[in-house]
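The values are calculated or read from the model by the stated rules, or taken from the named source; none is laboratory data. From a predicted model like this one, the values you see are computed outputs, not experimental measurements. As a convention, Cβ positions derive from the backbone with ideal geometry for all residues, glycine included, and neighbour counts pool all protein chains shown. All accessible areas refer to the heavy atoms of the entire protein, side chains included, with ligands and DNA or RNA removed. Shrake-Rupley method; radii C 1.70, N 1.55, O 1.52, S 1.80 Å.
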Amino acid sequence: MLIPTARAEAEIEVKKSRFISIAIPTSTMEEVKEAVLSVRAEHPDATHVVHAAVIGKAGTMYSSSDDREPKNTAGRPALEVLKGSGITNITVAIVRYFGGTLLGTGGLVKAYGDSAKEVLKVVPTEPLIEKTNFSMVIPYNSYTLIKRLFETLSVTTLNESFDISINLEGQLPSENLQKLKDGASDIGQGKILLTINT
């Protein structure tokens, strides 16, 4: 499975109706709700704000809404596109500004499905890897070696502060956790304090 790494936006026009699709990384149903509310707030004059979401490690939790479009003509086709994409932890909100021409049931299904496809073309993704957050207190003389170790273990540094010692916060793929513990132990000779944040 893939997960989105950033928000993305795309737009199509069908018979003068504008369809703006916005993909937002979300990992819980609560975040889905917040994402849809935030898009509504950004587009207060929109005729409809339809959404579809796929959540969970296996991509097995779904949410969708037609937002006053005829039943199953909006959220469902967008959700089917998402389910087939191999991307999880994603919400796609599709904003429609009505252009004056009714699209009919088939036209709506196609427009909302196409709109979801467009944003999936541009959303940045990465493989879904279980990650662990940690914090570390290290002496100055270990800093260079620790940073080198981080590079080999795909560590993302989230925060660094320099005081009497250096405080680091980071994240790494969980499968590399033991190597981090072993490496920190070798480099620090007992002087590095490593805390795993759950």
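Dimensions of the range 78-129 based on its C-alpha atoms, expressed as ranges along the principal axes with the largest first, amount to 45, 17, 15 Å.
Each Lys or Arg adds one and each Asp or Glu takes one away; over the other residues whose Cβ falls under 13 Å from the Cβ of Lys121, this sums to -3. Relative to the Cα centre, the charge distribution of the chain, modelled as +1 at Lys and Arg Cβ and -1 at Asp and Glu Cβ, gives a dipole magnitude of about 480 debye.
Across all Cα atoms of the range 9-92, the radius of gyration (one decimal) and Dmax (whole number) stand at 12.4, 38 Å. Expressed in units of 2.2 N^0.38 Å, where N is the residue count, the Cα radius of gyration of the range 48-164 is 1.62. On alpha carbon coordinates alone, what is the Rg over Rh value for the chain, Rh being the Kirkwood radius? Result: Rg/Rh = 1.17. Between the Cα long axis of helix 177-188 and the first principal axis of the chain there is an angle of about 30°, rounded to the nearest 10. In the chain, the longest principal axis of the Cα atoms and the axis of helix 104-122 are about 20 degrees apart. Sparsely packed loop sites in the range 31-119 (the trypsin sites (Lys or Arg not before Pro) outside DSSP H, G, I, E and B with at most 12 other Cβ atoms within 10 Å) comprise Arg68, Lys71.
Charged neighbours of Asp186, selected by a Cβ distance under 13 Å, balance to +3 (K, R count +1; D, E count -1). Computed over the range 6-145, relative contact order equals 32 percent, with contacts defined as Cα pairs under 8 Å that lie 6+ residues apart. The calculated 222 nm mean residue ellipticity attributable to helices in the chain amounts to -10000 deg cm²/dmol, summing -39500 (n - 2.57) over DSSP H runs of n ≥ 4 and dividing by all residues.
Taking all protein chains as they are arranged and a probe of 1.4 Å, the heavy atoms of Asp182 leave approximately 80 Å² accessible to solvent. Hull volume per residue, based on the alpha-carbon atoms of the range 49-102 and their convex hull, is 73 Å³.
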